[in-house]
Amino acid sequence: MSRYTEQGLRDIFFDALDFFNEALDSGITRDNTVLAFFTPENGLDVYEQFCRERFPKNLDEDYEAEGYFQSFAAQAFVGKGRYGVMMCADIDFRLPELHRVFLHEISHLACYLSHAWNGEENAAGAVFLDFRADAGLGDFNTLIYGHRMRNGTMFGCLKHYMDAAFWQENPSVTIANEDGTWQYDIYAAYEVGLTAKTYQQEFSSPEEKQDFIQYGLGRSVIDMGIMPTPEDTIITLSTCSGSGRNTRWVVQAVQSL
């Protein structure tokens, strides 16, 4: 039996959209967004009908490839003046993980790809905090999402942290807003699943925080020689992995200034 009904998934998706629009009035609404539900068995038929009726350009995608409908939990579609998301009807993620999946797909929709954080038009778009995060970056682990843009903007450069030479030339992240400027030293970079410990935001003890740190260090593809402590604050930058919709590429950094 599925964890959620289709109506339950619909309600959770639009709750996530409301959270998104509290931070950025995107123009994506309940009225101009359509949802479709599929299973791995009927995914091909649902996809073709959904696209023929609303998003014909997506019929050019390689959706007939073997395993395509096992490779994602949700997928965003953009048409002229309308938005859509196909989601797996038998998705079994916990609620926080499901929110994260839906927010990721919402961020793929048209307005977010063409507007900056302040709502002004910008082809490079913007990055955004997890809806549960402290806006002042005071959490032990602050999650920040951005697109893997082909032109290198937003989080398009994060994939280069597979290469130690790139990290040596770009060892830190700087965040600036109206309240100040912070610097974070990168200590881990790796590919991870959507439900991984990487996305944890609530911690009950220093030991739990230390386990979180070790989780990232143990999976990092390069050794930066930096060891955060439970007293530090960390940012986790998350983007598409390029390996499918059920994994993400993350870069983690610890505050130094």
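Quick notes
- In region 28-60, the residues that are in contact with a Leu (Cβ under 9 Å, 6 or more places away or on another chain) and in contact (Cβ under 8 Å) with a residue 40 or more places away in the chain: Ile28, Thr33, Leu35, Phe37, Phe38
- Residue in region 2-11 that is aromatic (Phe, Trp, Tyr) and either in a loop (DSSP other than H, G, I, E, B) or on the phi > 0 side of the Ramachandran plot (or both) present: yes
Condition check ((1) more than 26 Å from Ala73 (Cα to Cα); (2) outside any strand (DSSP E or B); (3) touching a strand residue (DSSP E or B) at 6+ places or on another chain (Cβ under 8 Å); (4) touching a residue at least 60 places away in the same chain (Cβ under 8 Å)) across all residues:
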{"position": "Gln201", "(1), (2), (3), (4)": "no, yes, yes, yes"}
{"position": "Lys209", "(1), (2), (3), (4)": "yes, yes, no, yes"}
{"position": "Tyr215", "(1), (2), (3), (4)": "no, yes, no, no"}
{"position": "Gly218", "(1), (2), (3), (4)": "yes, yes, no, no"}
{"position": "Ile226", "(1), (2), (3), (4)": "yes, yes, yes, no"}
{"position": "Val254", "(1), (2), (3), (4)": "yes, no, yes, yes"}
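- Search result, residues across region 5-21 that are of a type outside the set (Val, Ile, Thr) and free of Cβ contacts under 8 Å to residues at least 12 places away in the same chain: Gln7, Gly8, Asp11, Asp18, Asn21
- Annotation: of all residues in region 156-179 being among the hydroxyl-bearing types (Ser, Thr, Tyr) and within 18 Å of Leu257 (Cβ to Cβ), the one that is surrounded by the fewest Cβ atoms within 10 Å (Cβ to Cβ) is Thr174.
- Here region 15-34 is the region considered, the condition is being assigned to a loop (DSSP other than H, G, I, E, B) and polar (S, T, N, Q), and the residue that is nearest to His108 (Cα to Cα) is Ser26.
- Residue pairs whose Cβ atoms lie under 9 Å apart, sitting 6 or more positions apart in sequence or on different chains, and linking a residue in region 90-107 that is without any contact (Cβ under 8 Å) to a residue 40 or more places away in the chain to a partner that is among the β-branched types (Val, Ile, Thr) and surrounded by 17 or more Cβ atoms within 10 Å (Cβ to Cβ), are Glu105/Val85.
- Selected residue (criterion: nearest to Ser107 (Cα to Cα)) from residues of region 69-83 that are under 21 Å from the mean Cα position of the chain (by Cα), in a strand (DSSP E or B) and not polar (S, T, N, Q): Ala76
- Candidate set from region 22-68 (those that are modelled with pLDDT of 85 or more and among the small types (Gly, Ala, Ser)); member that is farthest from the chain's Cα centre (by Cα): Gly43
- All of Gly193, Gly216 fail the test of being in contact with a helix residue (DSSP H, G or I) (Cβ under 8 Å, 6 or more places away or on another chain) and closer than 27 Å to Asp92 by Cβ, apart from Gly216.
- Candidate set from region 89-111 (those that are among the acidic types (Asp, Glu) and out of contact with any helix residue (DSSP H, G or I) (no Cβ under 9 Å at 6 or more places or on another chain)); member that is modelled with the highest pLDDT: Asp90
- Among the residues listed as Tyr215, Tyr199, the single one being closer than 26 Å to Gly136 by Cα, surrounded by 16 or more Cβ atoms within 10 Å (Cβ to Cβ), among the aromatic types (Phe, Trp, Tyr) and modelled with pLDDT of 95 or more: Tyr215
The values are calculated or read from the model by the stated rules, or taken from the named source; none is laboratory data. Owing to the predicted nature of the structure, the values given are computational and were not obtained by experimental measurement. All Cβ positions, glycine included, derive from the backbone under ideal geometry; neighbour counts span all protein chains shown.
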